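Quick notes on the structure that follows.
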Amino acid sequence: MAKLILNRLSKTFDLGGRAAVNDVSLTVREGGFLALLGPSGCGKTTVLRMIAGFEQPSDGSILLGERVLADASEMVGPEHRNMAMVFQSYALWPHMSVAENVGYPLKVRGISGEKRERKVREALAAVHLETHADRRPADLSGGQRQRVALARCLVTEPDVVLLDEPLANLDRHLRQEMEETFREFHARSGATMIYVTHDQAEAMALATDVAVMSEGKLLQVATPEEIYARPEGRLVGGLVGQGAILSLPSPIGDKRLLDWPVVQGILGNRQEGPRTDILVRPQDVEIAAEGAAVTVLSVLFEGERYALRLALPDGQTLRAFSRHPVKVGDRLAIVIRSAWRL
Amino acid sequence: MTRPQNRGNSQPRWLFPFVVTVIFCLSVLPLGRLAATGIMSAFRGGASELLSDPGLWRSVYDTLSTSFFGMIAAVLLGGGFALLLTLFDIRGKALLGFLFMLPTMIPPQVTALSWIGMTGPSSALLKAIGLAPPLGSPQPLYSIGGIALLYGVQNAALVYLSLRAGLLALPRDAVEAARLSGASSFQVLKDVILPLSLPGFAAGAAIAFVSCVGNFGIPAILGIPAGIYTLPTLIYSKFAAFGPRTFADISVLSGLIAILSVIGLMVEARVLRGRDYRVIGLSGQVAVFRLGAWRWLAELLLWLTIFLILAMPLIALVASSLAPAYGVPLSPATVTIKAYEEILVRQAATRIAFTNSLSLSLATAFGLLVVTVLTGYFLVRSKSRFVGVISALAEIPYALPGIVLAVAFILLFAAPIPVIGISIYGTIWIILIAYFSSFFAVSLKPVVSAFRQLDPSLEEAARLSGAGFTRRLADILVPLVAPAAGASVILVFLIACNELTVSALLWSAGTQTLGVLIYNLDDSGSFNIAAALSVLVVIMVIAMMVALELMAKRLPKGVVPWRS
Ligand SMILES: Nc1ncnc2c1ncn2[C@@H]1O[C@H](COP(=O)(O)OP(=O)(O)O)[C@@H](O)[C@H]1O
Ligand SMILES: [Mg+2]
């Protein structure tokens, strides 16, 4: 095993002129768990399919350690990459039993008899499906099918495991259970995992690293904590957490984490001049008598609290929480304890 | 171990050249050869003699008139059935639809024989019930009208299928909107449904016309005794009276047939443009109108039609096969199974024909399957820009009348094959190759539908598991398209086994097929033996259609041609 390197990877499909993946460089450390996060259509699946070998890059290269897997002129077929993938549609073979599905990669590798049976049993045990070995995929529930697909990945000890929105077809209850299974799977197999999703909560909860993509470009790669605390640029800031992005006059200096005095200063600044995007998260907004004036636009009762949408005097909106009920149209004062300059 | 491979696609390198070679040999080469000979003989002035022959123009006229009236009959029959069965609350639709399909699947020479057995002074059936016209009165079917009527019966199902597909694809909301705006059922039918279904009518009529122009079995049995020659039978008779100009003549004649067919097919393509009715195929939930008190009348009419076009002729066929000799009245005293003994036990010729037809059909069905699984895979998975051209070229040989293809293969193989120097002319191999070419599209279509329906990730998962192309083919792809492949084998077998047009020109001593045998038996006056053989053929056809019908639930849409 070795680290997976994407080097200035680009992909343009023959017909569409715009690049689906544009100059993406990324290193996934050995045994890492990378979440590829981005809105639908931004090129995540295309990156994954290039790593798997189903698409050839138009430019750039993919390396596993020292070995070049693909560049624009040559590529190693998916058959020879020792990777595994969990597809959104599960991709279980309907004419084979669960055990046959899981054992197929071993069969292709010429492993047979007792050894194959043992490995299949182990893989099924790891996803808690030992008792379902002889069933057909059609007789399983969605979550069970997903676990069979996972067991099929587990069985050959692949270098890299790719997952393409594996939870998109499952209901919310099953998702949490499966997230746990994925985490266990990662800990047990030690494989490098790349997990594609458009759900930031899922990405944060599972991965050791998060890579954010938009319109084919890679915007930021960092740990979940780092991405959350220090997002780079409007797109990442808008995608991670539920913050509001305000366009305000640039504060003096290059500090990025802004406290209330600085924010108060720029909120009150009426001069024309350069402006900056400032990310304000709702949990950092406090309702306090001495703060800046806002109007309540909407109130949503969430059970443990009220979620408010507030308007600044210039019309920009932000979100806040309140423990006490307020009414639409009320005038409040807020203090922004901390804000992040994007 | 870096093993470089070309591109990310899943096909092995040899697949594209393989597919191109197959298409070249089965489509481009024979048709190109036919075109070359036709054009060359036209330039050498050989055609002028043919074209100044009034017999030719008589034959063109007869072809056009029989085909035109046949088309009208097919549109009336097929259109009526499609409208009644699709739009109204008729009971027993599935059975009626299935029975209505049967005349198309029964080989034309058998249809012709059974209708002869039903009419005319020598009809065993009419004699048995004492309704036969006096001896010496003419057989009414030996005429333009008779040929056209049988064309209509034979091809009504084509119009039925085309129109039905169009009706099923009608936007439901258009009908519902019309009803909500207060239109009566009749007004909806007149103002919305009929105008919208016109393309289905027109397309069905065009294919029926093409099918009539290329028909050989019916005019061979009904036309030749009356001196009526359509273009296919004219080719046959010129070929039988072999002369120095035969090749030039038949290439020009089949060129004429090809032109007529292409015009028909272009009309079809034009009216259907932008509508892929095979894909839309909604769940058959077209608005059903209530017939109320008229329902029993409509049902009576439908069953009466089935009785007239299917049951009666088949009863007559059975009656003829049980009569001791042509023209002898059938009664409990005269019933005999001598004809069946003759074909099953006594005659060596029947045994040879059975063996030939069965082995040719089996070899074609299974041999083609190997080719079409690979071709179908290529057509569905490849991103090559030649896919459109290749699938069009694969369709052409089946779309053209069989007689055209037979002439093309005669021209291609009349001389020994260059380089190897072997001649397959007059052997069974030329029939086999012609069958491969002719039924390629029949075999391909179910396989392509199945591949289209297959989730590509099933194959991708196998690739990541490490399985190479052959392995994937054996373990994943073939098992998953197996039901469609089975249907493809049955369909090709069914059609090849009953085929007459191609083998009528290509057979020689020892290589006659069932179709040729039935025709020759009738031609030589052994009508009841021909009828007995036909009864066996009909039983086989029905058995296979029932088998397909039973499989239909497990097959992708569009595989069983008569289900929509
Ligand atoms: N096979 C293909 N041919 C042409 N365009 C494609 C193909 N696959 C993806 N695309 C295009 O590439 C872009 C990125 O797609 P994709 O990688 O599937 O996005 P995501 O997985 O992030 O939703 C989209 O605009 C999509 O239309
Ligand atoms: Mg995707």
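What to note about this one:
- P(r) histogram, all alpha-carbon pairs of the stretch B:54-327 included - 10 Å bins from 0, percent: 7, 25, 29, 22, 12, 4, 0, 0
- Relative compactness, chain A, computed as alpha-carbon Rg over 2.2 N^0.38 Å: 1.20
- Between amide H atoms placed 1.01 Å from N, distances below 5 Å from A:L219 occur with A:V212, A:M213, A:S214, all of them 5 or more places distant or on a separate chain.
- With the biggest extent put first, the Cα atoms of the stretch B:43-109 measure 61, 21, 20 Å across the principal axes.
- Taken one residue at a time, the phi angles of the stretch B:290-307 give Karplus couplings (6.51, -1.76, 1.60, θ = phi - 60°) of 8, 8, x, 5, 7, 4, 5, 5, 4, 5, 4, 4, 5, 5, 5, 4, 4, 4 Hz. Gly and Pro are set to x.
- Low-density loop cleavage sites - chymotrypsin sites (Phe, Trp or Tyr not before Pro) in the stretch B:349-408, where at most 16 other Cβ are within 10 Å (DSSP): B:F386
- Whole-angstrom Cα spans of the stretch A:155-284 along principal axes, big to small: 64, 29, 25
- Full extension of the chain segment joining A:A138 with A:D254 gains 35.9 nm, where the gain is 0.36 nm per residue of separation less the Cα-Cα distance.
- Fluctuation leader among A:F54, A:F13, A:F301 - chain A, Gaussian network, Cα springs under 10 angstrom: A:F301
- Loop-located GluC sites (Glu not before Pro) in the stretch A:271-342 (DSSP state not H, G, I, E or B) with no more than 10 neighbouring Cβ atoms inside 10 Å: A:E272, A:E302, A:E304.
- Mean partner shielding of peptide A:90-98, defined as the number of other chain Cβ atoms within 10 Å of each residue Cβ, is 4.
- Short to long, the 10 Å bins of the Cα pair-distance histogram for the stretch A:242-341 hold 16, 52, 27, 6, 0 percent of all pairs.
- Backbone N atoms of the stretch A:223-260 closer than 13 Å to the 7 Å Cα→Cβ label point of A:R275 belong to residues A:245-250.
- Here A:K217 is the anchor, and the lysines within straight C-alpha reach of less than 19 Å, apart from those fewer than 8 places off in the same chain, are A:K11, A:K44.
- Nonlocal amide H pairs with A:D59, under 5 Å, H built at 1.01 Å: A:S10
- For B:D53 and B:S508, a Förster radius of 35 Å and the Cβ-Cβ distance give a FRET efficiency of 0.80, rounded to the nearest 0.05.
- Inter-site label distance for B:V288 and A:T12 at 7 Å from Cα along Cβ, in nm: 5.6 nm
- Once C-alpha pairs closer than 8 Å and six or more residues apart are averaged by separation and normalised to the residue number of the stretch A:1-98, the relative contact order reads 27 percent.
- Evaluated on the stretch B:484-564, the Kirkwood hydrodynamic radius is 14.1 Å, with distances taken between all distinct Cα atoms.
- Projected label points at A:S73 and B:A348, each 7 Å from Cα along the beta carbon direction, are separated by 6.9 nanometres.
- The region of chain A that goes longest without hitting one of the trypsin sites (Lys or Arg not before Pro) in a DSSP loop, each with at most 12 other Cβ atoms within 10 Å, is A:19-254.
- Computed over chain B, the convex hull of the alpha-carbon atoms projects to a mean area of 30.6 nm².
- Rg/Rh for the stretch A:6-55 (Cα atoms only, Rh after Kirkwood) is 0.97.
- Kirkwood hydrodynamic radius over Cα pairs of the stretch B:439-546, then Stokes diffusion coefficient at 4 °C and 1.567 mPa s, in µm²/s: 77 µm²/s
- Equivalent ellipsoid dimensions for the stretch B:27-180 as semi-axes, Å, which come from the Cα gyration tensor, largest first: 36, 30, 14
- Summarising the amide proton neighbourhood of A:L36: residues at separation of 5 or more, or on other chains, whose placed amide H is nearer than 5 Å comprise A:Y195, A:V196, A:T197, A:A211.
- The protein assembly as shown - Debye-derived log10 I(q)/I(0), Cα point model, q = 0.05, 0.11 Å⁻¹: -0.44, -1.26
- Taking every alpha-carbon pair under 8 Å whose residues sit at least 6 apart, chain A reaches a relative contact order of 16 percent.
- Reduced Cα scattering model of the stretch A:14-147, Debye log10 I(q)/I(0), q = 0.10, 0.15, 0.18 Å⁻¹: -0.45, -0.92, -1.13
- ³J(HN,Hα) computed for each position of the stretch B:358-365 - Karplus, 6.51 cos²θ - 1.76 cosθ + 1.60, integer Hz, glycine/proline x: 5, 6, 4, 5, 5, 4, 5, 4
- Basic side chains Lys and Arg get +1 at the Cβ, acidic Asp and Glu get -1 at the Cβ, and with that the dipole of the protein assembly as shown about its Cα centre reaches some 380 debye.
- Convex hull volume per residue, computed on the Cα atoms of the stretch A:60-208, equals 132 Å³.
- For the stretch B:18-89, trypsin sites (Lys or Arg not before Pro) meeting the loop criterion (DSSP other than H, G, I, E, B) and having at most 15 other Cβ atoms within 10 Å: B:R44.
Readers should treat all values here as calculations from the given coordinates under stated rules, not as data from a laboratory. Values in this document were obtained by computation on a predicted structure and should not be read as measured data. Using ideal geometry, Cβ is built from the backbone for each residue, glycine included, and neighbour counts are taken over all protein chains shown.
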